[in-house]
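Presented below is the structure to which this report refers.
The values are calculated or read from the model by the stated rules, or taken from the named source; none is laboratory data. Source: prediction; values computed, not measured. As a convention, Cβ positions derive from the backbone with ideal geometry for all residues, glycine included, and neighbour counts pool all protein chains shown.
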Amino acid sequence: MTLHIETPLIKSRALSLKTGRTVLLKLEGLQPSGSFKLRGVGFACEEHQRRGARRFVTASGGNAGYAVAYAGRELGIPVTVVVPQTTSERARALIRGEEAEAQSVATSLGANKVSARIVALAREHQIRNCLVTDAEAIQGSVTLLEEHRLLTEPACGASVAALARVPEYFPDARRIVVIACGGVGTTSQQLLEWSDFYRLEGNQIATSHSDEVNSPEAQQP
């Protein structure tokens, strides 16, 4: 049994026109748990089930914990997810919706070391770090929502925002794959509110939608 699915790889006409390159989107947000996390999490849960695990316990602030909760329900194994106190009620509700227990005893979560495999991959492939602003990441998510009807977290929008750095980092690149990793912690209303708060330059899409939401006509029953 494989818990994750083979997600589509589609061409983004909008992003291709904007960048002058062929841009493809790997739609990991279409995984049953809403993000790419299910690939690794699902494999690990299945492996531990084969080894006789009777309960899954994980620590996560959102997507990974939700993926474990989903895997546990599918495999018939109870799950406890330890979430930080900052985890939103929406994320907690999603975890509980998968019949998992959400406990909160931590103020933050983080890995205490980098896996050896990650280090090996970093040595095998050319990797460039790219820093984008919150506003740019939000704009990336707005673009996915408007152009492809995909609701994602800003952490996913950051990958779209990074396309602006391609001419600098990879000037010869003509075909680009963007991992649209997904994420279940953001609502469309939150995304539009954030876009207004950060007042994204040139962001006519988010502005127009916010105006629609707040217009007198929109308030009428």
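Screening VAL160, VAL119 for residues that are surrounded by fewer than 16 Cβ atoms within 10 Å (Cβ to Cβ) and part of a helix (DSSP H, G or I) leaves exactly one candidate, VAL119.
The set of residues from segment 111-126 being closer than 16 Å to GLY40 by Cβ and under 23 Å from the mean Cα position of the chain (by Cα) comprises ALA111, VAL114, SER115, ARG117, ILE118, LEU121. Pairing residues of segment 75-90 that are among the hydroxyl-bearing types (Ser, Thr, Tyr) with residues that are part of a helix (DSSP H, G or I), at Cβ distances under 9 Å and at least 6 apart in sequence or on separate chains, gives THR87/GLY65; THR87/ILE95. Being touching a Lys or Arg at 6+ places or on another chain (Cβ under 9 Å), surrounded by fewer than 23 Cβ atoms within 10 Å (Cβ to Cβ), hydrophobic (A, V, I, L, M, F, W, C) and farther than 16 Å from CYS181 by Cβ is not true of VAL132. When you check PHE43 against the structure, is it out of contact with any Gly (no Cβ under 9 Å at 6 or more places or on another chain), outside the structural domain of THR187 (by TED's automatic domain parsing) and among the aromatic types (Phe, Trp, Tyr), yes or no? Here the answer is yes, as PHE43 does meet what is asked. In segment 163-176, the qualifying residues are those that are of a type outside the set (Phe, Trp, Tyr), part of a loop (DSSP other than H, G, I, E, B) and more than 12 Å from SER16 (Cα to Cα), and the one that is nearest to the chain's Cα centre (by Cα) is ALA173.
Determine whether VAL177 is within 24 Å of ASN63 (Cβ to Cβ), loosely packed, with under 15 Cβ neighbours inside 10 Å and modelled with pLDDT of 95 or more. I'd like the intermediate steps shown before the answer.
Working: within 24 Å of ASN63 (Cβ to Cβ): yes; loosely packed, with under 15 Cβ neighbours inside 10 Å: yes; modelled with pLDDT of 95 or more: yes.
When the stated conditions are applied, VAL177 passes them.
Wholly within segment 1-105, which strands (runs of 3 or more DSSP E) include no fewer than the required count, namely at least 1 residues that are closer than 30 Å to ALA164 by Cβ and at pLDDT 95 or above? So that I can check it myself, show each step before the final result.
Working: elements: 9-11, 22-27, 56-59, 79-84.
So the answer is 9-11, 22-27.
Answer with yes or no whether SER35 is among the small types (Gly, Ala, Ser), on the phi < 0 side of the Ramachandran plot, over 16 Å from the mean Cα position of the chain (by Cα) and surrounded by 21 or more Cβ atoms within 10 Å (Cβ to Cβ). Before you say what the answer is, go through the steps one by one.
On the way: among the small types (Gly, Ala, Ser): yes; on the phi < 0 side of the Ramachandran plot: yes; over 16 Å from the mean Cα position of the chain (by Cα): no; surrounded by 21 or more Cβ atoms within 10 Å (Cβ to Cβ): yes.
For SER35, the condition - among the small types (Gly, Ala, Ser), on the phi < 0 side of the Ramachandran plot, over 16 Å from the mean Cα position of the chain (by Cα) and surrounded by 21 or more Cβ atoms within 10 Å (Cβ to Cβ) - is not met.
Can you tell me which residue is nearest to ALA67 (Cα to Cα) among those in segment 1-52 that are touching a residue at least 12 places away in the same chain (Cβ under 8 Å) and of a type in the set (Gly, Ala, Ser)? Residue satisfying both the conditions and the ranking: SER33.
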